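Presented below is the structure to which this report refers.
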Amino acid sequence: MSGSAHEALTWTSKPAGPLSGQIRIPGDKSVSHRAMMLGAIAEGITHVSGFLEGEDTRATAAVMQTLGAHMETPAPGQRIVHGVGLHGLRGVEQPLDCGNAGTGMRLIAGLLAGQAFDSTLVGDASLSKRPMRRITDPLAAMGAQIETAPDGTPPLRIHGRRKLKGVEYTLPVASAQVKSALLLAGLYAEGQTQVIEPHPTRDYTERMLAAFAADIDFSPGRARVRGGVPLRATDIEVPADFSSAAFFLVAASIVPGSHLMLPAVGLNPRRTGLLEALRLMGANIEVLHEREAAGERIGDIRVRYAPLHGAVIPPALVPDMIDEFPALFVAAAAAEGTTVVSGAAELRVKESDRLAGMAIGLRALGVRVEESDDGASIHGGRIAGGRVDSLGDHRLAMSFAAAGLVATGPVRIGDCANVATSFPGFTELANGCGFALEAA
């Protein structure tokens with residue numbers, strides 16, 4: 001969704017006392033997207049528990065249903081996906097609406113590149129501005145034919161009946177979405193498709209393909225899949241979303257006296273860079289009861305308040321925390337001293353230009369921030385009250401909500417309705433553990 005309904009929602013986050021309690025974070029967005037896609041093209045019935053009931057993931061589920069995969073919803077957070085097999089999807093004339101889901105659009109494009117029918121993928125106003133040549137160009141190297149708008153943005157017009165061939169492709173820029181699009185197209189390609197990355201990125205797609213019995217092998221920075229191998233349905237337990245947990249990890253770290261427990265959080269090693277970054281800054285975060293479900297590591301996280309200090313964030317951590325930078329910026333603003341981030345140019349092409357959005361917002365709250373092309377220096381110590389614009393970006397909105405907890409006055413945050421894309425019920429959960437967040 002986009003437009004005036006979203007722009008009308010404003011939050012006010014006020015200074016608050018210690019945060020406490022146990023918080024059940026909604027299901028992982030990345031795992032939920034992939035469970036819908038792979039369940040749809042598997043043979044048999046896939047039961048999914050912990051599915052994220054957000055707009056993005058529901059959009060992906062709706063696209064797969066429109067293409068012929070029947071899905072049942074016995075209860076919130078549960079899906080029963082009746083797979084139609086690799087070649088069982090059926091084309092439709094109407095455009096397939098991905099909403100605000102960049103992950104959904106890019107991965108579905110790879111999935112549809114090898115189908116026997118034409119299709120068109122569209123999105124909301126925000127998604128319609130996001131770059132897509134990063135997937136259409138490498139997919140073209142496999143034989144796919146996908147047209148974009150003249151500037152390389154959606155809609156994507158995908159021509160079916162193309163014979164795809166496996167390739168070995170080295171990504172110019174590390175991107176889990178591009179890698180995943182190629183691997184999903186590789187399911188339909190002749191021979192093997194191998195993707196090599198300059199830096200290891202999240203491996204949700206590889207792990208779930210393995211759970212669905214694809215012919216795949218992978219290691220950090222490399223993945224190979226063989227085409228034409230049927231997928232077998234499996235049961236998926238979706239862990240709590242680490243990116244959603246990030247706002248509470250930061251909030252409890254900066255509000256004196258706080259102590260939160262976050263059970264069953266996904267701990268994919270390519271996702272948890274923020275844990276390492278916060279620990280570098282002095283955070284008190286423990287991971288308890290680590291275990292594995294459907295190929296994914298999960299664990300319970302305990303976070304207690306600790307005085308944070310500035311740090312130089314190693315560029316090697318950047319790919320493993322690309323969605324958590326807005327939250328990190330708030331931790332840096334509340335820390336004593338200067339935090340330096342580099343190697344994060346990818347942030348400029350997310351739902352918004354997150355580097356610019358956070359820099360502008362924090363400056364409006366009295367924090368000194370110096371931007372570079374691929375990062376920033378944040379001089380922390382004090383956050384003032386004021387007005388900020390989340391630019392319709394859910395992660396900016398929730399990060400500024402955390403900033404308001406330790407500000408010297410209320411922080412008013414504009415354009416917050418897109419939070420529903422990734423974290424339905426955020427305000428209720430936040431206020432339940434001690435936030436002072438009002439929506440209007």
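The values are calculated or read from the model by the stated rules, or taken from the named source; none is laboratory data. What you see is a predicted model, and the numbers here were worked out from it, not measured in a lab. In this analysis, Cβ positions are derived from the backbone assuming ideal geometry, glycine residues included, and neighbour counts consider all displayed protein chains.
Summary table
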| read-out | value |
| --- | --- |
| Selection from region 176-215 of residues that are part of a loop (DSSP other than H, G, I, E, B), in contact (Cβ under 8 Å) with a residue 40 or more places away in the chain and surrounded by fewer than 21 Cβ atoms within 10 Å (Cβ to Cβ) | 199, 200 |
| Any hit, region 70-90, residues being under 23 Å from the mean Cα position of the chain (by Cα), modelled with pLDDT of 95 or more and of a type in the set (Lys, Arg) | yes |
| Wholly enclosed strands (runs of 3 or more DSSP E) of region 1-94 bearing at least 2 residues closer than 30 Å to residue 260 by Cα and in the same structural domain as residue 301 (by TED's automatic domain parsing) | 11-14, 20-22 |
| Residue that is surrounded by the fewest Cβ atoms within 10 Å (Cβ to Cβ) [pool: residues in region 362-374 that are touching a helix residue (DSSP H, G or I) at 6+ places or on another chain (Cβ under 6 Å) and either farther than 23 Å from residue 317 by Cα or modelled with pLDDT of 95 or more (or both)] | 369 |
| The one condition in (1) touching a residue at least 24 places away in the same chain (Cβ under 8 Å); (2) closer than 22 Å to residue 423 by Cα that residue 66 fails to fulfil | (2) |
| Positions within region 156-180 being over 14 Å from residue 112 (Cα atoms), under 24 Å from the mean Cα position of the chain (by Cα) and not β-branched (Val, Ile, Thr), in sequence order | 169, 171, 172, 174, 175, 176, 177, 179 |
| Candidate set: region 100-154, residues that are part of a helix (DSSP H, G or I) and out of contact with any helix residue (DSSP H, G or I) (no Cβ under 8 Å at 6 or more places or on another chain); chosen: the one surrounded by the most Cβ atoms within 10 Å (Cβ to Cβ) | 112 |
| Subset of region 378-398 (residues that are among the small types (Gly, Ala, Ser) and within 13 Å of residue 360 (Cβ to Cβ)) | 386, 390 |
| Hits in region 384-406 (condition: surrounded by 24 or more Cβ atoms within 10 Å (Cβ to Cβ), among the hydrophobic types (A, V, I, L, M, F, W, C) and touching a residue at least 60 places away in the same chain (Cβ under 8 Å)) | 396, 397, 398, 400, 401, 402, 403, 405 |
| Of residues in region 216-244 being over 21 Å from the mean Cα position of the chain (by Cα) and of a type in the set (A, V, I, L, M), the one surrounded by the fewest Cβ atoms within 10 Å (Cβ to Cβ) | 229 |
| Top-ranked residue in region 417-440 [being of a type outside the set (S, T, N, Q) and at pLDDT below 95; ranked as farthest from the chain's Cα centre (by Cα)] | 440 |
| Cross-chain or 6+ apart pairs with Cβ under 7 Å, region 73-94 first and over 14 Å from residue 44 (Cα atoms), then of a type in the set (Lys, Arg) | 73/79 |
